[in-house]
Amino acid sequence: MRKRTGLGLLLGLWAVAETSALAAGSPHYTAEIRRTSFGIPHIKAADEASLGFGLGYAYAQDNFCMFAEEMVTVAGERSRYFAPEATGGPDIDSGSVRADNRTSDYYFRLVNEPAEVAAAWNGQPAPVKARVTGYVAGINRYLADTGAAALPVACRSKPWVRPLTTDDIMRLMRRYALEGSSLQFVNELIGARPPAPGAAGAEVAADFSALARRTASYGVGSNAVALGKDATSDGRGLLLGNPHYPWQGILRFYQFHLTMPGQLDVMGAALAGLPVVNIGFTRDIAWSHTVNTSAHFTLHALTLDPADPTRYRVGDRWLTMEKKAVSIAVGDKAESHDFWQTIYGPVVAKPGAFEWSATTAYALGDANADNNRMIEMWHAMDSAPTLAVLASRVQSVLGLPWVNTIAADRDGRALYLGVTVVPNISAEKQARCVAEPYRALVASGVMVLDGSDPACGWDQVSGLRQSGVVPGDRLPLLWRSDYVQNSNDSAWLTNARTPLTGYPEIVSAQDVAQGGRTRMGIEQIDARLAGTDGRPGKRFDARSLHDIAFSNRVFYGGLLHGDIKRLCAEPGSVVVEGETIDLAAPCATLTAWDGTASPASIGYPLFAAWWNPLEGTPGLWTVPFDAHHPVTTPHGLKLDDPAIRTQLREGLGKAVVAQRKNGIDWTRPWGDIQYIDTRAGRVPVPGGAGGDVYNSMYSVLAPGGGHMVPTLGSSYIQIVGFDDDGPVAKALLAYSNSSDPASPHSDDQAASFAVGELKPQPFTDAQIKADPAYRTMTVAQ
């Protein structure tokens, strides 16, 4: 008889144990998985654990390999199975972790050390523990039922595939919480080493500009609009949610529906591995999230002992950094790396940006390092009976790490919550504790505090579950009966008629220029409510809200149309890289362009290649930003300024050269350039990048050039209203529900996204059973 080892032995022992349990009595878990069109699972169970079990099984059916590999990542074990110098895996695919396997392992071993993971689990409420335990059991049951040799190709018989534990979900939850903070410092944490003896001190503040740009926009975004009774045709709430997230990797959403009769009925989508709906709707409430601009970390400038760069001064005391050794496995060998801890957090360093010198070092304070409440937070939101209760729970649990909440209900109320985990730094403390060389960084979300002053730490408020953060009831909240909106700007213009002001800058900036999506969104909302958008009436219905989401309008394309005509009145030529570029053809294309990033539109890639690098040019506008007119300013290119005019013309020539080098024919329709290849053939992908397209879509040049491949943008899009019977929801998941290329549900929603066709979401039992693709299975153990 052949000896059983490894995964086969683990699965065998697990299966025997479960079979014995079934023989001894009734199943511990029982759930019904009902699938409807596009493979969307509707999980129905009588208790929390069984609900998690059914969801875990369904999720594994659709995404097991991607998820199993992510468990290797968050456990800090990639170098055990993959080349340590290589990059890869679901975090790299999502564009989130920018590090090789060895660096990634050290980071996750640091933040997910056993004590932190155990504390995270111990802090979960009993219903959450039951849901997570069942979820893990469901994934493991799928693995046992399928067998390692019959898994999808990506992980078939791979040595890194194993049964999961609840620790894995806690590690993943902590990884998500840190997305907007320390996860952006992976390389800087590894790069922090004491300077060699005799190293120079820091004379001036380092150049943080690259860090500021990166942390202010760490990859994900979103739009959301909630309309109240004074803005809708039926007097009920109406919601548009469109998070902009990666199309590959661990930050992909998954669509599903959870029902515990008499207790819970919620449908929507969640990030991989979270057994709760993150964005979705119930019978009476609908909500979405947008990535917010609040800072979720601070840096602390440390004054060092000239004789010992691991000693730092706090007030009249000299403290010694703690050297923390972290070990990883590289193949079958062990390696170790030393991190340096302070009372504020670990030391970070980057050569040429913020260095650990003989006199100065920088420590990272991460507000979400102690936020183990994410799953609890969405669990509480999913079951909220009213929108007021949902708001109260968001404020009290304070578990949303870096996203705003935009919501509407059947009673016609619209709600904005900018309630996330934020370091408690008052305006007075900011003025006193941020030294002059660092002040310009605050607008980019980077606050560098004086670490030598004990009064410059985070303010403490008694009665909170987490110390040093802003209490939930002191963070932005706005109830409206007309609208609230957010497109990744601050809370300031949530409703342009009632600006939210007076918050510390670390929470929400005011009197600052707004992004193109924010300006366009408010303009379109105002036009609809004023009846000046060419449609009858002055209120929204689902169709008019849909048109905002899928018009593919490019804000600056419309704003600059007249300026482009003036610029191109006498095209002429420019010299780029020693080559004379005739501007007649590109000018003809841009002046004829319809101002959209629709698949049939001609001209968008040329416009984006021209405008996106120029948008931040100083002195560009005839009418600069005016805080009294934030929606309409800035505007008007300064074409009468010879230097600006020359920059704009040369920029157009550079765009032509860049497109040619990339093999992009900008005279072709956008859908011929930005597309995906599906099982059913080539499908154009609408939308564009640059921060001024509501239907946002970032893409990269395909290997070999010639076309663009979508990587991040519109994902789970929902429009939800209400009637007497429940929610009236239409939605789609742009990249579809399965990450397994062999699955029919890996790309079956692409064609709908291409034409902006949201699909009705079956919510009631009758609607689910009436779906033409309805099928059901029961899972139990």
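The values are calculated or read from the model by the stated rules, or taken from the named source; none is laboratory data. Predicted, not measured: the structure shown is a model, and the values here were computed from it. Glycine gets a Cβ as well: all are built from the backbone with ideal geometry, and neighbour counts include every protein chain shown.
Give segment 286-313 a look and list any residue that's among the aliphatic types (A, V, I, L, M) and out of contact with any Phe, Trp or Tyr (no Cβ under 9 Å at 6 or more places or on another chain), or say none. Break it down stepwise before answering.
As a first pass, look at segment 286-313 and keep what is among the aliphatic types (A, V, I, L, M): 286, 291, 295, 299, 301-302, 304, 307.
Within segment 286-313, Ala295, Ala307 qualify.
Only residues that are surrounded by fewer than 16 Cβ atoms within 10 Å (Cβ to Cβ) and in a loop (DSSP other than H, G, I, E, B) were counted in segment 600-624, giving 8. For segment 659-685, a tally of residues being small (Gly, Ala, Ser) and buried (at least 16 other Cβ atoms within 10 Å of the Cβ) returns 1.
When Gly352, Gly345 are screened for being touching a residue at least 24 places away in the same chain (Cβ under 8 Å), at positive phi and exposed (fewer than 15 other Cβ atoms within 10 Å of the Cβ), only Gly352 passes. Residue count for segment 483-499 satisfying the condition of being within 19 Å of Ala231 (Cβ to Cβ), in contact with a Phe, Trp or Tyr (Cβ under 8 Å, 6 or more places away or on another chain) and part of a loop (DSSP other than H, G, I, E, B): 4. Just to be sure, is Thr589 without any contact (Cβ under 8 Å) to a residue 60 or more places away in the chain, among the polar types (S, T, N, Q) and in contact with a Phe, Trp or Tyr (Cβ under 9 Å, 6 or more places away or on another chain)? No.
Which residues, taken from segment 714-729, are assigned to a strand (DSSP E or B), of a type outside the set (A, V, I, L, M) and closer than 26 Å to Gly691 by Cβ? Talk me through it step by step, then tell me what you get.
Here is the first cut: in segment 714-729, the ones assigned to a strand (DSSP E or B) are 714, 716-723, 726-729.
Filter once more, keeping what is of a type outside the set (A, V, I, L, M): 714, 716, 718, 721-723, 726-727.
Scanning segment 714-729 gives Ser714, Tyr716, Gln718.
A search for C-beta distances below 9 Å between a residue of segment 55-68 that is of a type in the set (Phe, Trp, Tyr) and any residue that is modelled with pLDDT under 95, counting only pairs 6+ apart in sequence or on different chains, returns Phe67/Pro90.
Being assigned by TED's automatic domain parsing to the domain that holds Val132, at pLDDT 95 or above and crowded, with 24+ Cβ neighbours inside 10 Å is the requirement here; does Val72 meet it? Walk me through it before giving the result.
Working: assigned by TED's automatic domain parsing to the domain that holds Val132: yes; at pLDDT 95 or above: yes; crowded, with 24+ Cβ neighbours inside 10 Å: yes.
When the stated conditions are applied, Val72 passes them.
Meeting the requirement of 1 or more residues that are at pLDDT 95 or above and more than 30 Å from Pro127 (Cα to Cα), the strands (runs of 3 or more DSSP E) wholly within segment 276-358 are 297-305, 308-314, 317-320, 322-330, 333-341. Among residues of segment 628-648 that are in contact (Cβ under 8 Å) with a residue 60 or more places away in the chain, those with a beta-carbon under 6 Å from a residue that is among the polar types (S, T, N, Q) and surrounded by 13 or more Cβ atoms within 10 Å (Cβ to Cβ) at least six positions away or on a different chain give the pairs Pro630/Gln514; Gly636/Thr622. From the list Gly531, Gly557, Gly616, Gly537, the one residue that fits, being modelled with pLDDT of 95 or more and farther than 26 Å from Ala408 by Cα, is Gly557.
Taking the criterion of being surrounded by fewer than 22 Cβ atoms within 10 Å (Cβ to Cβ) and in contact (Cβ under 8 Å) with a residue 60 or more places away in the chain, the residues of segment 319-331 that qualify are Lys324, Val326, Ser327, Ala329, Val330, Gly331. Of all residues in segment 586-597, those satisfying the criterion of being of a type in the set (S, T, N, Q) and touching a Ser or Thr at 6+ places or on another chain (Cβ under 8 Å) are Thr589, Thr596. Do you know which residues across segment 500-526 are surrounded by fewer than 15 Cβ atoms within 10 Å (Cβ to Cβ) and either among the hydroxyl-bearing types (Ser, Thr, Tyr) or assigned to a helix (DSSP H, G or I) (or both)? The answer is Thr501, and nothing else.
A Cβ distance below 7 Å, combined with a sequence gap of six or more or placement on separate chains, defines the contacts here; from segment 162-174, residues that are within 14 Å of Asp370 (Cα to Cα) reach residues that are of a type in the set (A, V, I, L, M) and not in a helix (DSSP H, G or I) in the pairs Arg171/Ala75. Scanning segment 221-273 for residues that are buried (at least 24 other Cβ atoms within 10 Å of the Cβ), aliphatic (A, V, I, L, M) and part of a loop (DSSP other than H, G, I, E, B) yields a count of 2. Out of all the residues in segment 627-643, is one or more part of a helix (DSSP H, G or I) and of a type outside the set (S, T, N, Q)? There is at least one residue in segment 627-643 that is part of a helix (DSSP H, G or I) and of a type outside the set (S, T, N, Q). Selection over segment 112-127 of residues that are part of a helix (DSSP H, G or I) and surrounded by fewer than 23 Cβ atoms within 10 Å (Cβ to Cβ) gives a count of 9. Checked against the criteria, Ala83 counts as over 30 Å from Pro760 (Cα atoms), over 26 Å from the mean Cα position of the chain (by Cα) and outside any helix (DSSP H, G or I). Contact annotation: residue pairs with Cβ atoms under 7 Å, 6 or more positions apart or on different chains, pairing a residue in segment 412-440 that is under 30 Å from Ile285 (Cα atoms) with a partner that is of a type in the set (D, E, K, R), are Gly412/Lys229; Gly412/Arg236; Ala414/Arg480.
Note on segment 463-479: residues that are surrounded by fewer than 22 Cβ atoms within 10 Å (Cβ to Cβ) and either closer than 21 Å to Thr633 by Cα or of a type outside the set (A, V, I, L, M) (or both) amount to 9.
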